[in-house]
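Asker: Submitted below is the structure of interest, expressed as C-alpha cells.
The values are calculated or read from the model by the stated rules, or taken from the named source; none is laboratory data. None of these values were measured; they are calculated from a predicted model. Here the Cβ positions follow ideal geometry from the backbone for every residue, glycine too, while neighbour counts run over all protein chains shown. Calculation scope for accessible area: heavy atoms of the full protein, side chains included, ligands and nucleic acids excluded. Shrake-Rupley method; radii C 1.70, N 1.55, O 1.52, S 1.80 Å.
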Amino acid sequence: MNPMDVDDEPGTPPPGIGPIQWHGVPLEGFLNGNSEGITEFTNKKKKTDKYFVTNQKLDLEAYSANYTGHTKINRLTFIADHCPPLAVEALKMALSELKGTGDTVRYHDVYQQLLRVSQSQNVHCPPMDNSWYNATSDAAKTKRNRLEQELKNYKNNLIKESIRMGHNDLGDFYYDIGDLANAMKSYSRTRDYCTTSKHIIDMCLNVIKVSIEMGNFSQIQPHFVKAEQTPEMPDRNITMGKLKCAMALADMDQGQFKKAARNLLDISFEMGSHFSDVISPNDIAVYGGLLSLASFDRMELKKNVFENSDFRQYLEAEPQIRELLQSFYNSKYQKCLDLLENMRSDLKLDIHLHEHVDRIYQNIRQKALVQYFSPFLSVDMNKMAAAFNTDVAQLEPELASLITENHIQARIDSHNKILKVKSADQRSNIFETSIKMGTEYKKQAHFAMLRIKLMRADLVVKTDDRDHRDHR
C-alpha cells in the first residue's frame, strides 16, 4: 500500500486482522481481563516468544516524559506491541512525537498499526494528518538535495572542516527521517575529517546512538575505546556518563551483567538527563540496581551500591529499587521477592531489559538462597521455604541445582527435609596436600640437580666483575 493513498478517515483494516486479533493472536482474554500477568506465545517459525502484559502498573505519560527523540518513539511502540490495554494511547503519543521529526515512513506505519488496534478494540481512530505528511515529504526531498549539493561543493573546495560538517549534517538529516543505515554511513565518514577532541567525541557518540537504535551493539566497544582515549575530553563527567551508559547496554545485551552493573554504578550524577534520547536517570537506577543484585555479592553491594554517593542520588528517583536493595541486603528475602514480582510486568515493557528479566530474577533468587544458607550448618527446608514464600516441593529442585553447580556445598536430607553442610573429608584433604607437596619437592630437586650439573660442566653464565664496575 502506498503511503500517499491513505484516506483522511480511518477505513477497514487489512485482511486477516479482525476485531478479536492482536498481531495474529486471539485477543478475547486480554480485553476481558481474563489473562493474569504476562501471557507468552511461541512463534515456532521465528523461534521467538511473543508475550503480552495486561496487569501493568505503568503510568504511560509519566514514563514517556523521561525520554526524548527516537528512543521515546521506540519505547512507546514497543509498549503498544506488548501491552494491549495501553496500545491505543501509546500509538497516539508516538504519532504526536513523530510529527516532530521528518520520518514520514514510520509515521505511516504507526498510523496503520493504530488503525488496526482501534478496529480490534472498537475505539475511534483519528484521521491521518495528510497535509503534514505531504509537506514533510516534500521538505525532506528538498533538504536532501541541498545537503548533497553542499557536500559536493565542500569536497571540490577541499575544505576539511566543511566536509566534516557536510557529512555530519547529512547524517543528522538521515537520522531525522529514520534512515539509520545512511545515517551510520554519514557519521562514520566524518572520522577522517575530525581535527579536535570535540569532533572525535561527537562522531563516536553519533555512531553509538545509531548503533543502539539499530541493535548493532558490536559497534559500541571500539567507539567507546576511541572516545575514552581522546585527550582533553570536553565535559568529561557528562561525556563519560554517556559512554558508560552505552557500554552498559552493550554488556547487558551480551549477558555480562556484572560488567554492565559496574559501568552503570560508575556514572556521575552530573550527567542527569543529558542522555535522555537513549536512557533516562530512572533507567540507570533500575538497571544498575537489578544488575547489581544479580551479579554482586554482599560485600560488593555494600561497597559499590550503598557507599556510592552518585548512585544513591539516582536511586532517589526509584524508591522501589532502593527498597529492593535494602531488603536483599538486610536478608528480608520474602519482601525482596515480592517487590521483584510486583515489578515484573513493567520491566517486561522495557525495550532493553525485557529479554533479560527472567535470567536476572533467577540470579537474584539463587543469590538469596545461597546467602540465606551461608551462616548455618543445617537448615530446616520447611522454614526456608516459608522465608521464600514457596513450598518444599518447589524449593528442593532449586537447592539441588545450586549444589550441582557448586554454589552451595551441602547435601539434602530428603526424608527429614533438612539441608546440611557437606562435611569436609579431612583424610582426603591431607592426602591431596601431601601429594601436592611431594610433586613440588620433586620439581625443585630436579631443578637443583640440573643446576649442579651445569656448574660442573662450566655452562653457567658468569658476570665479569670489571664490566660490571664499568657499567656502574
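Asker: Extending each Cα 7 Å along its Cβ direction at S309 and H354, get the distance between those two points in nm, one decimal.
Answerer: With each label placed 7 Å out from Cα toward Cβ, I get 3.9 nm.
Asker: Now for a different question. Roughly how many nanometres apart are two label points built 7 Å out from the Cα toward the Cβ at A393 and N406?
Answerer: Here the answer is 3.4 nm between the modelled labels.
Asker: Mind giving me the FRET efficiency for Q229 and K443? R0 is 51 Å, r the Cβ-Cβ distance, nearest 0.05 is fine.
Answerer: About 0.75, to the nearest 0.05.
Asker: Give me the accessible area of K442, 1.4 Å probe, in Å² rounded to the nearest 10.
Answerer: 150 Å²
Asker: Leaving out ligands, DNA and RNA but keeping every protein chain, what accessible area does D179 have, in Å² rounded to the nearest 10, with a 1.4 Å probe?
Answerer: That residue has around 50 Å² of solvent-accessible surface.
Asker: To continue, here is another question. Would you list H354, H446 from the most to the least accessible area, probe 1.4 Å? Mind dumping the intermediate values first?
Answerer: Values: H354 35, H446 110 Å².
Largest accessible area first, the list is H446, H354.
Asker: Sticking with this one: Go through [x] 22, 46, 17, 11, 3, 0; [y] 18, 41, 27, 12, 3, 0; [z] 23, 50, 23, 5, 0 and flag the label whose value is the computed P(r) over Cα pairs in 20 Å bins from 0, in percent for this structure.
Answerer: Correct label is [y].
Asker: Can you give me the solvent accessible area of K332 with a 1.4 Å probe, rounded to the nearest 10 Å²?
Answerer: Its accessible surface works out to 110 Å², give or take rounding.
Asker: Hey, which of these cross-link pairs are over 18 Å Cα-Cα: K143/K198; K72/K141; K50/K99; K198/K242; K332/K367; K92/K209? Show your work: numbers first, answer last.
Answerer: Values: K143/K198 26 Å; K72/K141 25 Å; K50/K99 29 Å; K198/K242 14 Å; K332/K367 13 Å; K92/K209 25 Å.
Checking Cα-Cα distances, K143/K198; K72/K141; K50/K99; K92/K209 exceed 18 Å.
Asker: For the full complex of protein chains and a 1.4 angstrom probe, list V461, V207, V105, V88 by accessible area with the highest value first.
Answerer: Ranked list, largest accessible area first: V461, V105, V88, V207.
Asker: Of N122, V379, G166, which is farthest on the positive side of the dipole of the chain, counting Cα position, with +1 on Lys and Arg Cβ, -1 on Asp and Glu Cβ, and the Cα centre as origin?
Answerer: V379
Asker: Pairs of Cα atoms under 8 Å, at least six residues apart: use those to get the relative contact order of the chain, whole percent. Before the final figure, lay out each step's value.
Answerer: Working: 512 pairs, mean separation 49.1, N = 472.
Over the chain, the number comes to 10 percent.
Asker: Calculated from DSSP H runs of 4 or more alone, at -39500 (n - 2.57) each and per residue, what is the 222 nm mean residue ellipticity of the chain, nearest 500?
Answerer: Details: 22 runs with 292 residues, N = 472.
Computed ellipticity for the chain at 222 nm equals -19500 deg cm²/dmol.
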